Amino acid sequence: MFPTPVEKLSPGVNIGYRLILPICLFIWLLPLLAIFMTSIRPVIDINTGNVFGIPSEFNMIENYATVFAKTDAWSYMANTLIITIPTVIISVALACITGYALAIYNFRWALPLFFVFVAGNFVPFQILMLPVIDMSNRLEIFNTVPGLVMFHAAFQTGFCTLFMRNFMKALPFELIESARIEGVDEFRIFWHLVLPLVRPAIAALSVLIFTFIWNDFFWATVMLQDDAKLPITVGVRSLNGEFVQQWHLISAASLLAAVPPVIMFFLAQKHFIAGLTLGATKG
Amino acid sequence: MTEHAMRLSSKYDTETKPVAIGTAVLLVCIVFLLTISGTGVADMLGYARKIDARVPTFLLRMFFLLVALAAAFIIFTNTSTYKRKRVAYAPWMFLSVGLIFFLIYVIIPIFQSISYSLTRWNGLYDINGKWTGEWVGLENYRVLLEDPNFTTSLINNVLWLALFMLAVPIGLFIALFLNQTVAGIRFYKSLFFFPFVISQVVVGLIFSWAYNPEFGLLSEIWGWFFCEQKVNIVGNLTKVCSIDPPSILGEAKYATYAIIAAGLWPQIAYCMILYLTGLNNVSPDQIEAGRLDGAKGWKMLWHVILPQLKPATFIAVVVTVIGSLRSFDMIATMTQGGPFGSTNVLAYYMYDQAVGEGVGRYGYGSAIATVLFVIMLCFISVFLWRMYQDERTER
């Protein structure tokens, strides 16, 4: 293991390391902690510049309740969910079949088409923006949730295919080969043999895409216009204008928007990290 | 013919029953797809206006499209053509839906955008559905060269790219720091990763507050050094500072750096996790061998560890480059390109020109997007080239 484990070094280093660890973490998460403290303070503390001290009153419930009462926080959250969940289902399902085609069959176009998915996944959003708006308009789904979901699902299919294909490529090919010799139909091989084997990849992708879409801001701003349809990221942004300088409310709302991805991350940490490394560093 | 040969040949025959059913379903779906109209659905659901029925109409269309697709697949898989050459046709069937979807929404729009960039257009059609723009050739690109905002954006993009790269070494450093086995280290690792999980909008808001000169984190820290609490005439506590805290986001000199610093926070976390995974896979034998050869500290890191971390470094560089060129959310939440356009980057400036406050300049915006795309394409090519090399060695 590198660097040398502290247990094997002098006791001074060992204890020093254990002491310094929480301090480093504190500094690293300072902005987050500070914003949490702000979110439970009364207004008066903010105006008198009490940033780090103990709040003069603990207004946690009050502040968060105000956010829910004064804004459409619930509806923003619900909107995010009805955008996120269909996107995850469609893109992961599509990636399973496209990834299967690109990983298992050795046809001439397999690699070039795979590269199309990979390259498309990395293009800047701005080059897609205007044609996508125009097309959605013509399909009469601009400024609707399905319109946004369609785009998200299509775009995320690129990343999901990249991931799925690499995952399936690592499966033992002999299994599929022998099933073919037995005369099993290609669809049955996919459904009964490959799909159960890629369950971990499906889990990893679902968690990851959920977080990506939950945190999306750009496309929601571009594709949705009615306030009633906006997701939480855009909602929180607009609160910034509504609650001018009411930092205790802005910070409470921001933290609320961050909660679901954080829960998702803690529930499925292993999958999440496996997904982020693009399968490049296996393990 | 013997019984065996009969069975063999019938294995490849077209099966008429499923084909007949499939064809019937397909035809019904096509009829429905052709007849569904927004007005019809609106009437059926009792909506007053066609526009209210957009979503149900669309969902209905998608449903019939999917059923039609399924029917088509069933027909095809029961024909003798498919049965004879399964392995040749099957990949295309698996690919078709995903590929078409991806082409329509991602690949074709790239070329459309490039063609828009050669026009002057505001995104509208006239009442007959005719395009209202005009072709202007390379005019938009000529204007770009003279646009000071474009130059600022380009310079800022380079700044983002260069400074964002700091995330890679810092991430490596933190990963090395955390690669230990003391009790509770897993917990520390996940908490260090935390900033990446949070939406960039929220990170932007957190830092807008932190940089706030009156109430923010920075003003507080500034106060420890330059300010003291005094009681004023009325008897209230006020802060008196020898030097006033700077309004970081309000000053053109600092604003971009401040946003980049905020953006680095989650990016460092991402690079850190990549390196932590990489460090997990470094072979212990080689470390042992290095130790026997007397390699220690930096030498060990440089000659033994880093070469093995190459895949992690590569991914870290790729995601950092992409992250820096995609920077949009942070700028939109923290400064909206201001003050005086000083924090614009191509991504934000394009958005601003095309659908922002000014009336849509689709052509001009597309030209900006094309420039951004070309920059990105250089990096994408390198990435694809590397992947291609890896694929070749694997075979």
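The values are calculated or read from the model by the stated rules, or taken from the named source; none is laboratory data. Treat the numbers as computed from the prediction; the structure is a model and nothing was measured. Because the Cβ atoms are built from the backbone with ideal geometry, glycine has one as well, and the counts that use them run over all protein chains shown. Heavy atoms of the whole protein, side chains included, go into the accessibility calculation; ligands, DNA and RNA do not. Shrake-Rupley method; radii C 1.70, N 1.55, O 1.52, S 1.80 Å.
How many residues, within region B:332-353, are within 11 Å of chain A (Cβ to nearest Cβ) and in contact (Cβ under 8 Å) with a residue 24 or more places away in the chain?
In the first step, residues of region B:332-353 are kept if they are within 11 Å of chain A (Cβ to nearest Cβ); the result is B:332-334, B:336, B:345-353.
With the extra rule that they be in contact (Cβ under 8 Å) with a residue 24 or more places away in the chain, the set shrinks to B:332-334, B:345-349.
Residues that pass the stated criteria total 8.
Of the set (1) open to solvent by 20 Å² or more (accessible area, probe 1.4 Å); (2) facing chain B (nearest Cβ under 7 Å); (3) under 23 Å from the mean Cα position of the chain (by Cα), all apply to residue A:89 but (2). For residues that are under 22 Å from residue B:51 (Cβ atoms) and either basic (Lys, Arg) or within 16 Å of the chain's Cα centre (by Cα) (or both), scanning just region A:217-230, find the one that is most open to solvent (accessible area, probe 1.4 Å). Ranking the qualifying residues of region A:217-230, first place goes to A:229. The helices (runs of 4 or more DSSP H) found wholly in region A:195-283 and carrying at least 1 residues that are within 11 Å of another protein chain (Cβ to nearest Cβ) and without any contact (Cβ under 8 Å) to a residue 24 or more places away in the chain occupy A:218-223, A:232-242, A:247-267, A:269-276.
When we screen A:171, A:175 for residues that are touching a helix residue (DSSP H, G or I) at 6+ places or on another chain (Cβ under 8 Å) and surrounded by fewer than 15 Cβ atoms within 10 Å (Cβ to Cβ), the only hit is A:175.
Of A:137, A:143, A:121, all but one fail to be within 26 Å of residue B:349 (Cβ to Cβ), touching a Lys or Arg at 6+ places or on another chain (Cβ under 9 Å) and either in the same structural domain as residue A:257 (by TED's automatic domain parsing) or at pLDDT 90 or above (or both); the exception is A:143.
Using the structure shown, decide if residue A:163 is under 25 Å from the mean Cα position of the chain (by Cα) and more than 9 Å from every other protein chain (Cβ to nearest Cβ). It is true that residue A:163 is under 25 Å from the mean Cα position of the chain (by Cα) and more than 9 Å from every other protein chain (Cβ to nearest Cβ).
Cβ-Cβ distances below 8 Å connect the following pairs, each with a first residue in region B:360-377 that is facing chain A (nearest Cβ under 8 Å), a second residue that is among the small types (Gly, Ala, Ser) and open to solvent by 10 Å² or more (accessible area, probe 1.4 Å), and a separation of six or more residues or different chains: B:362/B:123; B:362/B:133. Checking each residue in region A:98-109 for being within 7 Å of chain B (Cβ to nearest Cβ), surrounded by fewer than 21 Cβ atoms within 10 Å (Cβ to Cβ) and either of a type in the set (Lys, Arg) or in a helix (DSSP H, G or I) (or both) picks out no residue at all. Only helices (runs of 4 or more DSSP H) whose full extent lies in region B:268-352 are considered here, and the ones with at least 3 residues that are open to solvent by less than 20 Å² (accessible area, probe 1.4 Å) and of a type in the set (A, V, I, L, M, F, W, C) are B:310-325, B:329-334.
Go through region B:182-193 and give me each residue that's in a helix (DSSP H, G or I) and open to solvent by 30 Å² or more (accessible area, probe 1.4 Å). Walk me through how you get there before you give the answer.
So the first thing to find is which residues in region B:182-193 are in a helix (DSSP H, G or I), and the list is B:185-193.
Matches in region B:182-193: B:186, B:187, B:188, B:189.
Screening B:380, B:375 for residues that are over 27 Å from residue B:254 (Cα atoms) and in a helix (DSSP H, G or I) leaves exactly one candidate, B:380.
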